[in-house]
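Quick notes on the structure that follows.
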Amino acid sequence: MRHIIDLSDLTEQEFSDLYKLTSNIIDRPEGYADACRGKVLGSLFYEPSTRTNLSFSTAMMRLGGSVIGFSDPGSSSAAKGETLKDTISMVSSYADMIVMRNPREGAAKAASMYSSVPVINAGDGGHLHPTQTLTDMVTILRLRGTAENMKIGLCGDLKYGRTVHSLLHFLERYRGVQLYLIAPDALGLPDYMLRFLKEHNMPFCQADSVEQVLPELDVLYMTRIQRERFADAQEYEKLEGSYRLTADKLRRAKKDMLVLHPLPRVDEIAQDVDDDPRAVYFKQARYGMFGRMALLLTLSKLPFERAGRQAIGAHGIKCANHKCITRTEPYLPLTGRVGERCPYCDAPLELLL
């Protein structure tokens, strides 16, 4: 059994099975009320969260299991300087599965190396968010039927938006997907993601506004401008409210277009959009709970073998990303050549001076 660090790690058959189970739970949730009775989920949220945190807790309780953990790192031993390795080693001796959100990119990968139970990535900085991708795909497949030959616009913060990065990783497996990247220059896709699109022959075009491409789209995936990802408050204020969807703009869209959003929203979707039947973001959030129920149930039934002993520290290189988990957890093994991708966060490696 593997950890869930990136949803793209699942094979097509594994994802198909997971989607079928999710659909069964959506259609008949009462049949799964005791499916995880006696199981314990360790919930470690080092960052604020409403939907993902509550969704996982609710999913586990609806399956008959229980939840331990924290939603504020200040109330954990992390506030005393405990390493991620030690936290994970301890919690994995209490729980049957761990779900973790951490502001450091690559943190989920690092946690998986020291856990004796499966680790589920609930978001690692601006890197990946696989269970949001599961939520997005369940919504698209339930409401559209397929993701093939889909024209999808991704709007807003594409630079720091881990939900966007995870979704793009996963859409690589579908044929005929056309991407429309709608963002200001300062919030465009990072270089490593643009390279990913080119390496996997995923056609994309870049646009300056929603209106420019709206009539073409089958799905519009809105994201908020994330204040917490900016070191400079003035830079955030310049972009706040730059890209906004309103009911008036929606008149130009297809009658069956879907409007998705990982939530929370700020002002990028006006309140007057909520009553439009194409606005499915609250239904999307509910589907996410069922998808997480299916994921937890699947993990609870599979055998697990801990990874082997890990090396310690870097060898002449470092990750160029100052938000990488290796910057704060120096014991993490790091090998490779300059210019190659960091195994934790996908940023390039550089010389350790």
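Select from region 318-351 the residues that are surrounded by fewer than 20 Cβ atoms within 10 Å (Cβ to Cβ), β-branched (Val, Ile, Thr) and either modelled with pLDDT of 90 or more or closer than 18 Å to Asp191 by Cβ (or both) and list them in ascending order.
Thr328, Val338
Give the residue, chosen from Ser16, Ser43, Ser23, Ser66, that is among the hydroxyl-bearing types (Ser, Thr, Tyr) and closer than 22 Å to Lys109 by Cα.
Among Ser16, Ser43, Ser23, Ser66, only Ser43 is among the hydroxyl-bearing types (Ser, Thr, Tyr) and closer than 22 Å to Lys109 by Cα.
Output the residue which, of all residues in region 90-135 that are hydrophobic (A, V, I, L, M, F, W, C) and open to solvent by 10 Å² or more (accessible area, probe 1.4 Å), is farthest from the chain's Cα centre (by Cα).
Among those residues, the one meeting the criterion is Met90.
Report the residue count in region 2-56 for those that are of a type in the set (Val, Ile, Thr) and out of contact with any strand residue (DSSP E or B) (no Cβ under 8 Å at 6 or more places or on another chain).
Of the residues in region 2-56, 5 are of a type in the set (Val, Ile, Thr) and out of contact with any strand residue (DSSP E or B) (no Cβ under 8 Å at 6 or more places or on another chain).
Would a scan of region 222-243 turn up a residue that is modelled with pLDDT of 95 or more, open to solvent by less than 60 Å² (accessible area, probe 1.4 Å) and in a loop (DSSP other than H, G, I, E, B)?
Filtering region 222-243 down to residues modelled with pLDDT of 95 or more leaves 222.
Right, trim to open to solvent by less than 60 Å² (accessible area, probe 1.4 Å) and you get 222.
This time we only want the ones that are in a loop (DSSP other than H, G, I, E, B), so: none.
Among the residues of region 222-243, not one is modelled with pLDDT of 95 or more, open to solvent by less than 60 Å² (accessible area, probe 1.4 Å) and in a loop (DSSP other than H, G, I, E, B), which makes the answer no.
Taking Ile26 as the residue in question, decide whether it is modelled with pLDDT of 95 or more, open to solvent by 20 Å² or more (accessible area, probe 1.4 Å) and within 22 Å of the chain's Cα centre (by Cα).
So Ile26 passes the test.
On the basis of being part of a helix (DSSP H, G or I), open to solvent by 10 Å² or more (accessible area, probe 1.4 Å) and basic (Lys, Arg), does Arg142 make the cut? Steps first, please.
Values: part of a helix (DSSP H, G or I): yes; open to solvent by 10 Å² or more (accessible area, probe 1.4 Å): yes; basic (Lys, Arg): yes.
Yes: the conditions hold for Arg142.
Condition first: open to solvent by 70 Å² or more (accessible area, probe 1.4 Å) and either touching a Cys at 6+ places or on another chain (Cβ under 9 Å) or modelled with pLDDT of 90 or more (or both). Now tell me which residues in region 244-253 satisfy that.
The answer is Asp248, Arg251, Arg252.
Within region 29-60, take every residue that is assigned to a loop (DSSP other than H, G, I, E, B) and within 19 Å of the chain's Cα centre (by Cα) and give me the one that is modelled with the highest pLDDT.
Tyr46
The values are calculated or read from the model by the stated rules, or taken from the named source; none is laboratory data. Since the model is a prediction, treat every value here as computed from it, not as a measurement. Cβ: placed from backbone, ideal geometry, glycine included. Neighbour counts: every protein chain shown. The area values use the complete protein model at the heavy-atom level, side chains included, leaving out ligands, DNA and RNA. Shrake-Rupley method; radii C 1.70, N 1.55, O 1.52, S 1.80 Å.
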